[in-house]
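First the structure, in the form of structure tokens, and then the observations on it.
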Amino acid sequence: MTDLPINIAISEYDHVRDFADGLVTAAGIDANFLTFQVEEIFYRFVNFREWEVSEMSFAKYVSLKSQGDESVTSIPVFPSRVFRLSSIFVREDSNLSKPEDLAGKKVGIPEWAQTAAVYSRGYLQHQACIPLTDIDWYQAGVSQAGRKEKVKLKLPDGINLTPRPDKSLQQLLVDGEIDAMMSAHPPEWFEAGRPEIKRMIPDYQPLEAEYFEQTGVLPIMHTIAVRGDVAEKHPWVMMNLFKAFDEAKRHSVERAFEMTASRFPIPWAPHFAQQTAHLFEGEYWPYGVEPNRKTLEAFLLYAFEQGVCHKHLAPEDLFPTHLLDGFKV
């Protein structure tokens, strides 16, 4: 019997590498990996479903699910997790230095339904106690003009969101038309080391660690989506993919903790891995629903409150029933 050919689009991760290289295999699946920048993957899959399996923005996925879209489903594999207080940028001469300073300001975002922005706005609302109606929001591409929302929104009353297709966020910021911008992808001028743009919170790690201690939330940015027609015709594909991604991740975690040789070009990498082990109860960087329930529930609340989700979902609404738990021996 011939294995089922499946194209998988995903950006480069060490914890996916062994699956992509064929050291780990998914039973019954002939996996062909496609590697692109995440913005390209999201654009092509959300709009055109060009391949069978795809890394996907978690916010866009939950938005579609909340609208009853059955053309895509997901497995609880979360390749990217990033705290996002590092992702707020201001002008070099700005006196804004903490989240509370954004009250009453003009803030730019790449898309209202960008996952990073959902978490950042959730922090503003629940930790900094700023009603989102107290901020004027502007939507535009980070470094290029013309970016648009990819999913339909259901904005709460009082939210002032203005699309700006004519300029990029970094240009709006430098020109003084907005006071700050939130973006998972840093603006090009910041990455190039130009002085006009800086992080609002340079020493962001202690504040992000405090957020985790208060909430138990370690933000999930992306999930692995499966086209609905594939999941319906071949339901076994879902669990077999999950097992392969999970095994590849476990190999990567072993490398991260290894003391014998430097598997990553980072001094003290095993020490840093040990220092962050407390972020997880049990397995390091876990996939699945139960180990990630606090984060999933918090994100679904934020997404509903902000009009990214059209109804309040539970984690069980996101994944096929047979992936909500695993067998025991």
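Only helical runs count toward this figure. For the chain, summing -39,500 (n - 2.57) over DSSP H runs of n ≥ 4 and dividing by all residues gives -9500 deg cm²/dmol at 222 nm. Put the Cα centre of segment 151-214 next to the Cα centre of segment 238-283 and the gap is 30 Å. Among H126, H15, the ranking by other beta carbons within 10 Å of each residue's beta carbon, starting with the fewest, stands as H126, H15.
Computed over neighbours whose Cβ is under 13 Å from that of L323, the net charge equals -4, Lys and Arg +1, Asp and Glu -1.
For the chain, the membrane-span-like helices by this rule, meaning whole DSSP H stretches whose C-alpha atoms cover at least 30 Å of axis and whose Kyte-Doolittle mean is -1.0 or above, are 236-257; this says nothing about an actual membrane.
Seen from E149, the other residues with C-beta closer than 10 Å to its C-beta sum to a net charge of +4, counting Lys and Arg as +1 and Asp and Glu as -1. Summing +1 for each Lys or Arg and -1 for each Asp or Glu among the other residues whose beta-carbon sits under 10 angstrom from that of Y123 gives +1.
Secondary structure note: in the chain, about 45% of the DSSP beta bridges are antiparallel. Rounded to two decimals, the Cα radius of gyration of segment 27-134 over 2.2 N^0.38 Å is 1.33.
Ordered by the number of other Cβ atoms lying within 10 Å of each residue's own Cβ, fewest first, R84, R227 fall into the sequence R227, R84.
When you work out D = kT/(6 pi eta Rh) for segment 85-215 at 37 °C and 0.692 mPa s, using the Kirkwood radius from C-alpha pairs as Rh and the Stokes-Einstein form, the result is 222 µm²/s.
Coordinate-derived values only; no laboratory data. Computed from a predicted model, the values in this text were never measured in an experiment. Positions of Cβ are backbone-derived with ideal geometry, glycine not excepted, and every protein chain shown enters the neighbour counts.
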